[in-house]
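Beneath this line is the structure, given in structure tokens, with notes to follow.
The values are calculated or read from the model by the stated rules, or taken from the named source; none is laboratory data. No experiment lies behind these values; they were computed from the predicted model shown. Cβ coordinates were reconstructed from backbone atoms using ideal geometry, including for glycine residues, and neighbour counts include every protein chain displayed. The area values use the complete protein model at the heavy-atom level, side chains included, leaving out ligands, DNA and RNA. Shrake-Rupley method; radii C 1.70, N 1.55, O 1.52, S 1.80 Å.
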Amino acid sequence: MMSRAIFEAVVLGYFALLNLTYFLFILHGLWGLMRYGRRLQVADRAPADYRPISILLPARNEAAVIVDSVSALLGLGFPEFEVIVINDGSTDETLPRLQEAFELVPMDPVVRTDLATRPVRQAWRSLSHPNLVILDKEAGGKGDALNAGILYAGYPLVCTIDADCILDGNALERLVKPFVEDDRTVAVGGIVRVLNGCSVAGGRIGAVRLPERPIEVFQVLEYTRAFLSGRTAMSLLGCLLLTSGAFSLFRREAILAVGGFATDTMGEDMEMTIRLHRYFQTRGEPYRILFVPDPVCWTQVPADLPSLLRQRHRWQRGLWESLVRHRAMLFKPTFGRVGLIGMPYFFLFEALGPLVEMAGYLSVPVFALTGTLSPEFAVAFFTLSVLVSALLSIATVLLDDFLFRRYENVKDILRLVGFSFIEWLGYRQFLAIERTVATFRFGQGAWGQPERRSLAAGSDPGRFRGVGRSA
Amino acid sequence: MAFWAEPPSLIWLNAVVAGLAVVNAAALAGLLGHHGWTWAVRRFRARFYIPLEEVTLTALAQGADVPLPRRPWERAWLGEILTVLRPVLGGAARDRITAILEERGYVAAWVREAASRRWWRRAAAVKRLGASGSPEALPVLRAALSDRHPEVRQQALRALARLGLPAAAEMALASAAAIPVGRAWLQSTLLIIAEQNPEVVRTMLRRDVPAPVVKACVEALGAVGYRPAEADLLALAEDTDPELRVSAVRALGRLRTATGEAVLVGALGDSDWRVRATAARGLSRPINEPAAAAALAAALRDPVWWVRRNAAFALAGFSAGEAVLVGALAADDRFVREMAWFALQAAGALGRLRAALLEAAARNPFSDLREKILRGVA
């Protein structure tokens, strides 16, 4: 009886603590976003407000999207940048399509050896676009591909981006601002939004609409919540542990200082962010790792359950890998807020969360079978969970509408609200099961083999099956 | 205690659920209300703001009096519209706008707003005062340079530059070295000042100021092509700081003087590749074409590809350089010959050099390029 009471207290206490943390994040995020919005209102754009950027685009079997994606990047209005596409041992038509589209000619091999990577077979330069470089290398994973790109990068800032992403026209301009304003900035992450459902023309986002499929709408809610409350709050607190690999900007020297991207993890973006924290905290050097909420990267999200589950499986394992690798930072005051807030949050709520959630679900049938379940309590608790979750979602959607107003159509807003109430009817449970499985299998596997559809077909939710890591 | 089986009381839980349901409903109402309100505000602005802007612009262009709007919200917008239009309009219209802003009380209102307790209001007021061009703004902007909020201080620095008054420019320059602002802010502020009064910026180079300020001054002087600053830039091109050398070399490239050009040719042998690449880019329209062509031809063998690329593009900019590029079509380095071909194409020189290119193709040992030349010329 005592053990059961302890179990119930842990589950209920965990539920209360988790949701209290989420609400605090939302309030903190709201304050931060309001402050950011006011700065934008008085901001004065000047021609010299930028730093040149090397965009790194790792690609493995991305033949379906690569030409559209690279063309969209080359069409960005940013004053000075180069695009480095790293073909990571593709077995499809990725390289031939690039050769055909951009008039590639061979160039000299890399001269820098700051990082060890799998061999680069050939480097190519475009004759039609002097700021485009293609590296054709042996397969080594996303981290290895990024490291190879860093060796070729000609500019002090490197932007990592996924092949299935489209940037807003002013995204780089906004993303580079923290580096312009403060030399201590070493990494900045932008917001990742769901491309599914939106119309795309000429490499640019047209009308922003919600996707049709429920599974995609649920992900819109998740992305909005994750970026506008969690990341904003963590950034303000100075303990942001994840700048999305789909769209982040780093100081190249800082990446080199921590030994480049990890090649033996499924979450190289989180691993890099934690490494940067650890490096600078250990040396006592001032640094800033930030999240900026308005440079937007639009990404395709999985449109079917198996792809989504595979994606979440990888994320969960990547999370555990980073937490285990840097366990020495957990609850350590020497690592400041990262050790006392950031790492414990990710450990308690992100990594252990699915396990506690599953324990809660499993306890219901167990107690029912043993005749010790109070149906009234179970129903009331379930309703409470749904309402809390819905309130969190509505609050972030309100925040999004208040500051950015991406969804113009009121029907889309109503659908988002509606889906926030039914998230608990299956969707959350599927993810919790997969993440629990992943928790027990971390440390295995390699970079996934995504299947893509053309970016120009962004409004058609029917055929895409993608598993690119995005958030 | 066993909540699952024997909850102590469901009343508290049901009360929380009911409370949450109310909060959810309120949040939803807030969301829909905000969405609708924003939609209405946008429609409202589209209905009134754009016509007001058009009327104001037409009046200013025709030299007519800017009508005073009757609706109160339009009166508030007029000040905003005038400050947006002032920087893009010519001299006489600028003075008229300044006079209107002073006469109709906009400047006085912004001066009051600059003392607001809210930093974003102070920043916005400071920004508008800078765009107003009014001397009345000067003391307020001077005070704002020491505002407690960094955003207001930055805005004040730029506003002083934008004000267009010599005293304000001096004040901004004197503060530039003292106020910790981002380099880009500094650079763009100095560019604004240099466009109005480059000599003031040049004098900064002779003072003991931090390196970022010197760099920003050099960039600004180069951007406006201020030739009297040549001697200072020549000295800085020899500095030990490679970033400063890059800026000085870039500025000298923009000035286009014989002495500066000689320094650029020398900078092609600099130990830092960024300096070499910048020097190569700066030689695209040389005064002494043979000397520049010879130096850039040597730069086509630079170990850094970015320097080779810039050299190829620079050579495509003048006739002696084009001859070098035609020769480079047979270079051993494939990147150089491909880049030479691309640079000639980009410069639109294929028709003009048809005979030379056909001859080069006939002698070219590389079949891929030979075919490309023949196709391109055809």
Log entry, pairs with first residue in region A:243-255 being in a loop (DSSP other than H, G, I, E, B), second being aliphatic (A, V, I, L, M), beta carbons closer than 7 Å, six or more apart or on different chains, reads A:T243/A:A187; A:T243/A:V188; A:T243/A:I289; A:S244/A:V192; A:S244/A:A471; A:A246/A:I161; A:A246/A:V192
Kindly indicate the residue of region A:58-115 that is within 14 Å of chain B (Cβ to nearest Cβ), within 15 Å of A:A148 (Cβ to Cβ) and in a loop (DSSP other than H, G, I, E, B) and also modelled with the highest pLDDT among those meeting that condition. A:R112
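Taking region A:362-383 as the search range and keeping residues that are within 34 Å of the chain's Cα centre (by Cα) and surrounded by 15 or more Cβ atoms within 10 Å (Cβ to Cβ), which one is nearest to the other protein chains (Cβ to nearest Cβ)?
Only one residue fits best here, namely A:T383.
Pick from A:L157, A:L135, A:L127: which is modelled with pLDDT under 90, over 24 Å from A:R314 (Cα atoms) and within 14 Å of chain B (Cβ to nearest Cβ)? Full working, then the answer.
Details: A:L157 fails: modelled with pLDDT under 90; A:L135 fails: modelled with pLDDT under 90.
Selected residue: A:L127, the only one of A:L157, A:L135, A:L127 that is modelled with pLDDT under 90, over 24 Å from A:R314 (Cα atoms) and within 14 Å of chain B (Cβ to nearest Cβ).
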Suppose we filter B:T259, B:T240 for residues that are open to solvent by 20 Å² or more (accessible area, probe 1.4 Å), closer than 21 Å to B:R207 by Cα and not basic (K, R); which single one remains? B:T240
In region B:45-56, is there at least one residue being hydroxyl-bearing (S, T, Y) and within 14 Å of another protein chain (Cβ to nearest Cβ)? no
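Is one or more of the residues making up region B:338-355 more than 26 Å from B:R281 (Cα to Cα) and either of a type in the set (K, R) or open to solvent by 60 Å² or more (accessible area, probe 1.4 Å) (or both)? Give the derivation first.
As a first pass, look at region B:338-355 and keep what is more than 26 Å from B:R281 (Cα to Cα): B:355.
Going one step further and asking which of them are either of a type in the set (K, R) or open to solvent by 60 Å² or more (accessible area, probe 1.4 Å) (or both), we end up with B:355.
Looking for residues that are more than 26 Å from B:R281 (Cα to Cα) and either of a type in the set (K, R) or open to solvent by 60 Å² or more (accessible area, probe 1.4 Å) (or both), one finds at least one in region B:338-355, hence yes.
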Regarding region A:158-176, can at least one residue be identified that is over 23 Å from A:L76 (Cβ atoms) and either within 16 Å of the chain's Cα centre (by Cα) or not acidic (D, E) (or both)? no
For region B:309-329, indicate whether the set of residues that are touching a residue at least 12 places away in the same chain (Cβ under 8 Å), within 23 Å of B:L221 (Cα to Cα) and crowded, with 24+ Cβ neighbours inside 10 Å is non-empty. yes
Note on region B:62-96: residues touching a Lys or Arg at 6+ places or on another chain (Cβ under 6 Å), more than 17 Å from B:V126 (Cα to Cα) and either in contact (Cβ under 8 Å) with a residue 24 or more places away in the chain or open to solvent by 40 Å² or more (accessible area, probe 1.4 Å) (or both) are B:R94
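Select, from B:L205, B:L221, B:L190, the only residue that is open to solvent by less than 50 Å² (accessible area, probe 1.4 Å) and either modelled with pLDDT of 90 or more or touching a strand residue (DSSP E or B) at 6+ places or on another chain (Cβ under 8 Å) (or both).
Numbers: B:L205 fails: either modelled with pLDDT of 90 or more or touching a strand residue (DSSP E or B) at 6+ places or on another chain (Cβ under 8 Å) (or both); B:L190 fails: either modelled with pLDDT of 90 or more or touching a strand residue (DSSP E or B) at 6+ places or on another chain (Cβ under 8 Å) (or both).
One residue alone meets the criteria, B:L221.
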Look at region B:329-351 and say how many of its residues are of a type outside the set (D, E, K, R) and assigned to a helix (DSSP H, G or I). 10
On the given criteria, is A:L309 in contact (Cβ under 8 Å) with a residue 24 or more places away in the chain, within 29 Å of A:S244 (Cβ to Cβ) and more than 14 Å from chain B (Cβ to nearest Cβ)? yes
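Which of the residues spanning region A:138-154 are at negative phi and away from every other protein chain (no Cβ under 14 Å)? Explain how you work it out, then say what you get.
Taking region A:138-154 first, the residues at negative phi are A:138-140, A:142-154.
Selection gives A:E138, A:A139, A:G140, A:K142, A:G143, A:D144, A:A145, A:L146, A:N147, A:A148, A:G149, A:I150.
Please work out if A:L387 is at negative phi and facing another protein chain (nearest Cβ under 9 Å).
Numbers: at negative phi: yes; facing another protein chain (nearest Cβ under 9 Å): yes.
It is true that A:L387 is at negative phi and facing another protein chain (nearest Cβ under 9 Å).
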Filter region A:283-322 down to residues that are open to solvent by 10 Å² or more (accessible area, probe 1.4 Å) and assigned to a helix (DSSP H, G or I), then give me how many there are. 13
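I'd like the full set of residues that are of a type in the set (S, T, Y) and either open to solvent by 60 Å² or more (accessible area, probe 1.4 Å) or under 18 Å from A:W424 (Cβ atoms) (or both), limited to region A:325-361.
Let us first name the residues in region A:325-361 that are of a type in the set (S, T, Y), namely A:334, A:345, A:361.
If the condition is that a residue be of a type in the set (S, T, Y) and either open to solvent by 60 Å² or more (accessible area, probe 1.4 Å) or under 18 Å from A:W424 (Cβ atoms) (or both), then A:T334, A:Y361 are the ones that fit.
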I need every pair where a residue in region B:248-262 that is under 14 Å from B:N288 (Cβ atoms) has its Cβ under 7 Å from the Cβ of a residue that is outside any helix (DSSP H, G or I) and open to solvent by 20 Å² or more (accessible area, probe 1.4 Å), sequence separation at least 6 or different chains. B:R256/B:R285; B:R256/B:I287; B:A258/B:I287; B:A258/B:N288; B:E261/B:I287; B:E261/B:N288
Among (1) closer than 30 Å to A:Q300 by Cβ; (2) open to solvent by less than 40 Å² (accessible area, probe 1.4 Å); (3) modelled with pLDDT of 80 or more, there is one condition A:G37 misses while meeting the rest; what is its number? (3)
Sort out which residues of region A:405-435 are over 15 Å from A:Q219 (Cα atoms), away from chain B (no Cβ under 11 Å) and modelled with pLDDT under 90, and write them in order of number. A:R406
Do you know which residues across region B:120-175 are open to solvent by 10 Å² or more (accessible area, probe 1.4 Å), within 9 Å of chain A (Cβ to nearest Cβ) and among the aliphatic types (A, V, I, L, M)? B:A124
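Would you list the strands (runs of 3 or more DSSP E) that sit entirely within region A:119-214 and hold 1 or more residues that are open to solvent by 40 Å² or more (accessible area, probe 1.4 Å) and in contact with an Asp or Glu (Cβ under 9 Å, 6 or more places away or on another chain)?
Working: elements: A:120-126, A:132-137, A:157-161, A:165-167, A:185-194.
Where strands (runs of 3 or more DSSP E) fall fully within region A:119-214 and carry at least 1 residues being open to solvent by 40 Å² or more (accessible area, probe 1.4 Å) and in contact with an Asp or Glu (Cβ under 9 Å, 6 or more places away or on another chain), they are A:120-126.
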From the residues in region A:390-404 that are within 9 Å of another protein chain (Cβ to nearest Cβ) and among the small types (G, A, S), which one is least open to solvent (accessible area, probe 1.4 Å)? A:A390
Looking at this structure, is B:W39 in a helix (DSSP H, G or I), touching a residue at least 12 places away in the same chain (Cβ under 8 Å) and open to solvent by 60 Å² or more (accessible area, probe 1.4 Å)? no
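Collect the residues in region B:361-378 that are open to solvent by 10 Å² or more (accessible area, probe 1.4 Å) and either in contact with an Asp or Glu (Cβ under 6 Å, 6 or more places away or on another chain) or in contact (Cβ under 8 Å) with a residue 12 or more places away in the chain (or both), keeping them in residue-number order.
Pass one, region B:361-378, residues open to solvent by 10 Å² or more (accessible area, probe 1.4 Å): B:362-363, B:365-368, B:370-372, B:374-378.
If the condition is that a residue be open to solvent by 10 Å² or more (accessible area, probe 1.4 Å) and either in contact with an Asp or Glu (Cβ under 6 Å, 6 or more places away or on another chain) or in contact (Cβ under 8 Å) with a residue 12 or more places away in the chain (or both), then B:R363, B:P365, B:F366, B:K372, B:L374, B:G376, B:V377 are the ones that fit.
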